[in-house]
Every structure is written in structure tokens, then in C-alpha cells.
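Novice: Starting off with a structure, shown below.
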Amino acid sequence: MSLYSTLLGFFSFLGYPLSNAAAYLFESIFLLLAASLSLVFMIYLFRKYMARVQLRIGPNRVGKFGLLQLIADVFKLVQKESLFPKNRDDLPYRIAPVMVIIGLMLAFAVIPYGSFFYFGSLTVSDTGVSVILLFAILSIMPIGEVLAGISSRNKYALLGALRAVAKDISFEIPMMISVLAIIMMASARTSAPLSIDSIVVTEVLPYGILQPIGISVFLVAMIARASYSPFDMGESDSELITGFSTEYSGMRFGMFYAGLFGSILLGSFVVSLFYLGGFNGPFSGDLGAVWLGIKALILVIISFTVWLSMPRIRIDKFVNFGWKYLLPLAMINLVISGALTLMTGW
Amino acid sequence: MIEVKEPRRPIPIIGSLKGMLIVGKHLFRKPVTVQYPEVRQELPKRFRFRIFLNLDECVGCTLCEQVCPNGSIHMQSVERENPRNKRKIYPDVNFGTCTVCRNCEEICPTDAIYLTHVFETSRTRNSFTYSPEELAMNEDEVKK
Amino acid sequence: MQDFIEINFGPQHPSTHGVLRLKAKLDGEIVKEIEPVIGYLHRNAEKLCEMTFYADNLVYFDRMDYVASMLMESGYLEAAEKILNIVPPERVLWIRVIMNELSRIASHLVWAGAFGLDLGMLTPFFYCFAERDKVLEVFTEICGSRQETNYMSIGGVYQDITPGIVDHIEAFLESFPKRLEEIYKIFVGNDVFISRNKGIGVMSREVAIDYGVTGPMLRASGVNYDVRKAEPYLVYDKLNFEVPVSYKGDNLARFLVRFEEMRQSVHILKQAIRKIPDGPFFNPKAKKSMMIRLRGDGEYYARTESSKGEFGVYIVADGGVKPYRVHVRSPTFKNLSVVQELAKDQMIADMVAILGSVDLVFGEVDR
């Protein structure tokens, strides 16, 4: 029972081919709506949380408690003129923000959200290889950033893109290796260890407890993926203005902004799925999605606190850190979890 | 002379976590900002902005015009019966350039010109200059 | 032949603290050469001072170092009162010391917050400004305005300190050290903050002296020089305080020296607030219409310790009611010139950190 089959049953009067198409269409629309609404909520939450932590009040003028502030901001951004630098490389300049958004939305499509009462499983698309698919999708977003940095022909943007590339390379390998440890552990208990769904189902004891090194490496990698402080070298605002998105304005800038918050949310989902038991919990047959949401929300708050209280690390120190500490740690984690798997059958 | 010591090398990550905790704790502290039009901060007694002029007291000595550091005050002749002000000249103030230095209040021999708590004096570009009569009026009357 | 990226940092840039422009030549991430370009906030303050009365010039000095205007005022008055032969009463000197130290705290708090922002720490900035706001509230209570105070006048101060204000300052001194330590912990406890500052931008003692660097930057390089001790003015010789010195000379040392200075300022304030003698708060020779009739002759150079360094005011008088020439030795200008030396062959991120550690206020550099 999943969202897809519920929709299929709802549209069954149309005959199979049409109802199949309608089910997929509506599923995608639901996904897009839910993803963009949660992004808006994320930005609202961030602004409110940042304001309260910084002894301010935060948005409170538009709507009750300022809940409509972000909607108003989106309208403002859409209305604004999107400036184009004269010497831009036209096509990459235009598609770069779109690529970031597409990568983000696709990633939301492969995450298993767990089940929720009547609707059943909320997972949009479940494949047997969703782990590989997820990380393949995650690597689309950096392309958008690099394209943006190079095509806007701005020195700050170029430096930001170079930094972003250096950063991406140095954290992605440790990230993948720590995911490998998860897959290794899961493979002992399930026949489909490449599907996130079945990985989570095996997670009676959260992998975060079994692999404390793995979760820290992965968390650092996810912070770097979303590129906020302390690892926001690509868009370090006090050095490179805003890095690769310097020349963007209007909604094109809004897309990069949404990409940043989307990556935080995505990172929180992924960490809670892989390491914190995901949608497992009491009554997970009905409340699975709620458990996942709560875990992700706590991680989101933690990442906001990290963002707000850490200074920016220097790029060469981060590259050092990535290759000299994260990578060996990830390797050690791999060995330890392999030994654990062999000895205990976990 | 004391030599400041570098802090002991902190245990990695623990210090950062402590900092995060301090930041997180501020969530429960009261905000320091004030929602301006609804809530007004109580201003101290000496807070000064809008200049008022007591037309009856003013003797037209032009000291305020002389002391004004950036020439915001000019004397205007006003037809008005005042035995103490024979020359019938009174100051006007251009609030576009006034920096509220209070030198005019300080120097006025009869305390005719003085600054007040009123600070909501938003006006359009061409009406920054308050004539002597307007200086004697309340802000509401001036806006009419 | 080597190719460098030439880049203009500023004048509109988030980390230049106003309107500094840096012409930088980059080799990848490394800064090969920088040249600060100043003058974007030039307001002709020195020349304007020649056109107004001695009493009015305070307004222009308020706007030099606008985050610590009381320090600028007392610096000017040191020179102007000597020229005009006006002796302020004893009570005024103590009030001025209190205002100076409050201003020093306010100025260092702005610096600490902005330095955090330069390094990417968003939150401590607001804590620093929340504390600074309490100082500004004291200022409002004393003189009616927050930043450009125009509180001190020749031969005195405009308004007297009342018991209520003394209580307010004491309440502030009660709560402030705790909050200061909290802010200090957020900064210094952080590994990334330490790694970004320790050993970065090391200025040796010789370089500091050669460039005429003064203030906390000089003291962080191991020179024990503070005008308050070396040539006491006001009543600093009657107060008990220490001058913090560090021998490391890097960014972290400057940070620590400034924080220690704030603690010493609290120490000074606690002594001074109890010792204010009774008496008049102005010299009647410079009151009311005498304000604009003061005449002076000769020339005088006075130096004071502002929050940035040695603030010198040189006044030449020709017997008229207006000064013939006013010249200001701005500490930040001298401190800024050493950035060229420090930021050479450093990463861009370090250049920003070094620039932040100088404590730039452009009202004072450009005047």
C-alpha cells in the first residue's frame, strides 16, 4: 500500500493506462507542492530561530506570527528584475539555478518517507537501487553551482566556484565510504541492501549507535554538501560576497537560496534515514512519516545552531581535513563495521 | 602591565559544542528589540530631538544662528508684538541638516529655544525648514 | 611572466567595514599584493573645523570615530582647553574618564562583533550589540543622544551626572562582566576560531614600530605603550589599572588584548564611579554666550588613547575665535597601512581576518 496505489485506486475508473498516468502525475504534483512548502517552512523556521537566538523577534508582520512572510518574499523575488551580466555565457548562466532546483526535487523523490495512516507509504518512487540513485542525484547540484560560477564571468563567482569544487571533491569520497559501511551492515540482514527503504527496515538498532564514527563523518559531509557555516567556503559572504551566486538576482537567486535550505532538509532526512532509524518507531505502521519528520526537524535545528555559532573554516584547512581526517576515519569506520558484521551477524 | 595569556588549547569539538549550547540557550532569553509603532521604548528624560521655540521669550539675539555648526538656523523677520524682541527676528530651523547638537539650547540666554522628546517629524523633502511660528506649534498642528 | 587575478575588494563589499577599497592581486587563493585605497568617506572635517568656533568643532569630532564619539571629544578638548586657557573643574575630569571608558567598551564590542562576522560567525555580533546598546542607553540618559553625543563642552560637560545615572552605570557594570565572559567563551572555545586566528597576520615588534602602529595592535606585538600610562591625561594617574600586552602579535593576540582591555575598563569604571568629587560640572568662563567668544593663541598637540590607538589633535590658533588649523593624527589610518605588510602572501580568507583585526572605522581614516 503506497501513495501510488492509493491514487491508482482513486483513478481506476479511467482504465489502467490513463489511471496509471494520472496517478504518476498527481504524485509528482504532490511531491513538488510538499517539497516547496517544506522549503518555505524551513526558511521561515530558520529566520524565526535565528532571530530568537540572536535576541530579536523575527518576521511577525505578514500574517499571524509572520507565517506568510516567506510567501510575500517569494512574490517579491518573482517581481524583481533578474539581472544579466553583459559578458555571461548565456545558456549555462540560465540553466544553472534550474539545475540546482531540479537536483533537489529529484532527490526528494527517491527518499522513502514512511507510512502515514490512510495513505500508506508516502514514498514517491521506490527502486531497488535508490541509494545509488540518491547519491547520483546529489551530485547534480554541484554542477549547477560550478556552471553558475564560471558562466557569470565574475572574479568573485569564479573563485567561489573553484572553492566549491575543491570542497565537493574532498568530502564526497568519505561520505560515500561511510555509506558503504551502512550498506555492508544492511546486506547481512536484507537481500536488497541498495534500497534505502529496506536499509531502514533492517535498522532496529539505529546505525548511528553502531557506527558513531560513521555518523559524524556523514554529518560533516552533509553540512559541507549543504554548504553552510562552517563549511560555506563556496559562498563565503565576508570574502567573496556570495561566491558563485554573486551575479544572480531575482528568482534566479531565490532558486540558489532555496537550494541551500533544501540541501539542509535533504541532509537531515538522509542522516535520519541512514543513522537514526528513519521512520522506525512505535506505531511506525501509521506514524512512520511523523517519526521521520521529528527526527529530521531535530537535525535541522541542530544544523541551524551549528550554522549560527561557527566561524568559517579556511578552504585549504578544509581540504586537509577532508583528506587527512575524514577519509581515514571513514576507512576505519568501514573496517570496524565490517568486523562487527562478520562477528555478530549485524 | 599584564601579559594576556593564550587560552589553553581546547579539547577539539567540546569548546565548539559549548559555544553552540550558549547560542542555543539564548532562545529562551527575552528579545532586546522593540516593535516600534505598537510598543514605544521609554525614552530617558534628557532625550532630545525636535526644536521648539517660545516666541514670547525670544529676544532675537541671533546667538543660536551664530553657534549652529552647520547653518541650520537662520533668522526670519516675523510681524509679532513682543516688547523684548524689538528687531522682530526669530530663528527658523532646517531639520534636514540639523544634527541635534543642542548648542542652540545651550547658548540661548533666555531659554527660548529648547529641544523636546518629539522625534516623529517625518516630512517631505521641501518642507524640512520649520518657520518660527511652526517651531512654536505642536507637531500635529504643523502637519496640518 | 606570471598572471594574477586583479580584484577590487570594495568599496561596496561586506567585509570592508565601510568604504575601504583594496586593490588586490591574487594568485589563486593567495593574495600577492594589496593596496588599500582610502578617501571614500572624506568629509573635510579638518578644514571645516577652521570655519567654526572652538565650541562647535566637537560636532565634527563626534563624527570621526563614530562608534566611540566620547573618546574623540575628550581628545579634542585636551588640546582645545590648553589653547583657550580654560581649566575644567575636578568633577568634569572624572566624568570624562567614565565616559571615555564606557565608550572604549562600546567601541571594542562593535569590533568584536564585526570581527566575528568577518570570520563567518553570525550570532556573537548580536550579543555584542545587545551589550553595546546598554552603554548607548547610558549615553542617552546622560546627554540625550546615542551615538553622536556632543556631550562634552569646553571647560566642562553639558549636563551633570545624577545619582540615577550613577546607579544605571553601576547596574551595567554588575551585569556586563558576566555577559562579556559568555561572548568570550563563544569565540575562544571554538576550535575553528582559534585555527583561523592563531599565527595568522603576525606583526613583529619592529614592523609595528616602523609603521607607527598604536593602540591594541601595538600592544599585541609586545610593546607596553599606552598613552594613559605613558603620559597620563585627565585623572588616569589616580586610577589603578593594568595595560594588557601580548608578545604573539597575531590576530588572536589582538583579540585577547582587546577583551582584556574591556575588563580593565570595567575595573577603571568601578573605581571612578565611586570617586567622583562634588563640585560644578562646567567652567563659567565658557558658558552661555562665552561659548563663541573664546579666543586662543599659540599651538598645542594633545594625545589621548582612543580605542584604536594614539589619537592626536594638533591645533594652531591665531588669536581669533576660530582655530587657524586643526590636524588629527588618526590611529586607524596608521594601523591600516600595516595591512599591506601583513596580508602579503596570505589566503584571501586570512586577509579578511587581518583586516577585521585592525578595527577600522572609516570616519576616522578619511576624516
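Novice: Let me have the 222 nm mean residue ellipticity of chain C computed from DSSP H runs of 4+ only, each contributing -39500 (n - 2.57), with the sum over all residues rounded to the nearest 500.
Specialist: Value at 222 nm, helices only, nearest 500: -14500 deg cm²/dmol.
Novice: State which helices in chain A qualify, where a helix is a whole DSSP H run, it must extend 27 Å or more along its own axis by its Cα atoms, and its mean Kyte-Doolittle hydropathy must be at least -1.0.
Specialist: A:16-53, A:90-110, A:155-187, A:250-275, A:284-309
Novice: Lysine pairs in chain B 8 or more apart or on different chains: how many have alpha carbons under 27 angstrom apart?
Specialist: 6
Novice: Shifting gears a bit: Could you do me a favour and compute the accessible area per residue for the stretch C:139-292, 1.4 Å probe, result in Å²? Don't jump to the answer; show the numbers that get you there.
Specialist: Working: 5490 Å² over 154 residues.
The answer is 36 Å² per residue.
Novice: Given a 1.4 Å probe and no ligands, DNA or RNA in the count, how much accessible surface is buried by C and A, both sides, to the nearest 100 Å²?
Specialist: Approximately 2500 Å² gets buried when C meets A.
Novice: May I pose another question? Compute the distance from the alpha-carbon center of the stretch A:174-226 to that of the stretch A:253-323, in whole Å.
Specialist: Here the answer is 14 Å between Cα centres.
Novice: With viscosity set to 0.890 mPa s and temperature to 25 °C, compute the Stokes-Einstein D of chain B, Rh being the Kirkwood radius across alpha carbon pairs; µm²/s, no decimals.
Specialist: 128 µm²/s
Novice: Per residue, how many Å² of accessible area does chain B show with a 1.4 Å probe? Don't skip to the answer; put the middle values down first.
Specialist: Numbers: 8740 Å² over 144 residues.
The answer is 61 Å² per residue.
Novice: Give the carbon-plus-sulfur fraction of the accessible surface of the protein assembly as shown in %, rounded to a whole number; probe 1.4 Å, heavy atoms of protein chains only. Mind showing how you got there, number by number?
Specialist: Values: 21880 of 35310 Å².
In the protein assembly as shown, the share of accessible area belonging to carbon and sulfur is 62 percent.
Novice: Could I ask something else about it? A:Lys80: which lysines have alpha carbons under 28 Å from its alpha carbon, excluding same-chain residues fewer than 8 sequence positions away?
Specialist: Reachable lysines: A:Lys48, A:Lys64, A:Lys155.
Novice: Using a cut-off of 9 Å between beta-carbons, work out the net charge of the residues near B:His117 (Lys and Arg +1, Asp and Glu -1, B:His117 not included).
Specialist: For residues surrounding B:His117, the net value is +3.
Novice: Ranked highest first by average number of other Cβ atoms within 10 Å, how do A:101-109, B:131-139, A:303-311 line up?
Specialist: My ranking of the peptides, most packed first, is A:303-311, A:101-109, B:131-139.
Novice: Right, next: Which whole-number percentage describes the relative contact order of chain C, with Cα contacts under 8 Å and a sequence gap of 6 or more?
Specialist: The normalised contact order for chain C reaches 27 percent.
Novice: As a test of the formula, what do you get for chain A when each DSSP H run with n ≥ 4 contributes -39,500 (n - 2.57) and the sum is divided by the residue count, at 222 nm and rounded to the nearest 500 deg cm²/dmol? Walk me through the intermediate numbers first.
Specialist: On the way: 15 runs with 238 residues, N = 346.
It comes out at -23000 deg cm²/dmol, rounded to the nearest 500.
Novice: What accessible area, summed over both chains, is buried at the B-C interface (1.4 Å probe, Å², nearest 100)?
Specialist: Between B and C, the summed buried area is about 3800 Å².
Novice: Let me ask something else about it. Give me a single rounded figure for A:86-94: the average over its residues of other chain Cβ atoms within 10 Å of their Cβ.
Specialist: Other-chain Cβ atoms within 10 Å of each residue's Cβ, averaged: 0.
Novice: Using alpha carbons only, how many angstrom separate the centre of the stretch A:3-17 from the centre of the stretch C:1-72?
Specialist: The stretch A:3-17 and the stretch C:1-72 have Cα centres separated by 68 Å.
Novice: If the rule is a partner Cβ under 4.7 Å, which cysteines in chain B fail it?
Specialist: So far as the 4.7 Å Cβ criterion goes, B:Cys58, B:Cys61, B:Cys68, B:Cys98, B:Cys101, B:Cys108 stand without a partner in chain B.
Novice: Explain nothing, just the number: relative contact order of chain A, from Cα pairs under 8 Å at least 6 residues apart, as a whole percent.
Specialist: Relative contact order of chain A: 22 percent.
Novice: Run the paramagnetic zone check for B:Glu6: 7 angstrom along Cα to Cβ, then residues of the stretch C:180-196 with backbone nitrogen under 15 Å.
Specialist: Output list for this probe position: C:188-196.
Novice: What is the angle, in °, between the Cα long axis of helix B:14-25 and the longest principal axis of the Cα atoms in chain B? Nearest 10 is fine, range 0 to 90.
Specialist: The angle comes out near 40 degrees.
Novice: Using θ = phi - 60° and the Karplus form 6.51 cos²θ - 1.76 cosθ + 1.60, what ³J(HN,Hα) does each residue of the stretch C:136-147 get, whole Hz, x for Gly and Pro?
Specialist: Whole-Hz 3J(HN,Hα) from phi for the stretch C:136-147: 5, 5, 4, 4, 4, 5, 7, 10, x, 9, 8, 10.
Novice: Right, something else. In whole Hz, with x marking every Gly and Pro, tabulate ³J(HN,Hα) for the stretch C:82-97 from phi via Karplus 6.51 cos²θ - 1.76 cosθ + 1.60, θ = phi - 60°.
Specialist: 5, 5, 8, 6, 10, 9, x, x, 4, 4, 4, 4, 5, 4, 5, 4
Novice: With every atom except the alpha carbons ignored, what do you get for Rg and Dmax of the stretch A:84-344, in angstroms?
Specialist: Cα radius of gyration and Dmax of the stretch A:84-344 are 18.7, 63 Å respectively.
Novice: When the Cα centres of the stretch B:117-144 and the stretch B:28-89 are compared, how far apart do they sit, in Å?
Specialist: 10 Å
Novice: Here's a follow-up. Using Cα-Cα distances under 8 Å and only pairs 6 or more residues apart, what relative contact order does the stretch A:71-154 have, in percent?
Specialist: 41 percent
Novice: Taking θ = phi - 60°, what integer Hz values does the Karplus form 6.51 cos²θ - 1.76 cosθ + 1.60 yield along the stretch C:12-28, in sequence order, with x for Gly and Pro?
Specialist: Those phi angles translate into 9, 8, x, 10, 9, 6, x, 10, 7, 10, 10, 8, 10, 10, 10, 10, x Hz.
Novice: Which translational diffusion coefficient, to the nearest whole µm²/s, is obtained for the protein assembly as shown from the Stokes-Einstein equation, given a Kirkwood hydrodynamic radius over C-alpha pairs, 10 °C and 1.306 mPa s?
Specialist: 52 µm²/s
Novice: Pull up all non-local amide H partners of C:Gly156: gap of 5 or more, or a different chain, and H-to-H distance under 5 Å with H placed in the peptide plane.
Specialist: C:Asn283
Novice: May I pose another question? Once amide H atoms are built 1.01 Å from N in the peptide plane, which residues 5 or more positions from B:Phe52, or in another chain, come under 5 Å H to H?
Specialist: So B:Phe52 has HN proximity to B:Tyr114, B:Leu115, B:Thr116.
Novice: Around B:Cys68, under 13 Å between beta carbons, what's the net of Lys plus Arg minus Asp minus Glu among the other residues?
Specialist: Details: positive: B:Arg102; negative: B:Glu65, B:Asp92, B:Glu105, B:Glu106, C:Asp56.
That sum, taken over residues with Cβ under 13 Å, equals -4.
Novice: Report, by chain and number, residues whose modeled amide H sits under 5 Å from the one on A:Ser115, excluding near sequence neighbours (fewer than 5 apart, same chain).
Specialist: A:Leu122, A:Gly288, A:Ala289
Novice: Output the peptides A:221-229, B:116-124 sorted from most to least packed, where packing is the average of other Cβ atoms within 10 Å over each peptide's residues.
Specialist: In decreasing order of mean packing, A:221-229, B:116-124 become A:221-229, B:116-124.
The values are calculated or read from the model by the stated rules, or taken from the named source; none is laboratory data. Here the structure is a predicted model, which is why all the values come from computation and not from measurement. Backbone-built Cβ (ideal geometry, glycine too); neighbour counts: all protein chains shown. Remember, those area values only see protein heavy atoms, side chains included, never the ligands or the DNA or RNA. Shrake-Rupley method; radii C 1.70, N 1.55, O 1.52, S 1.80 Å.
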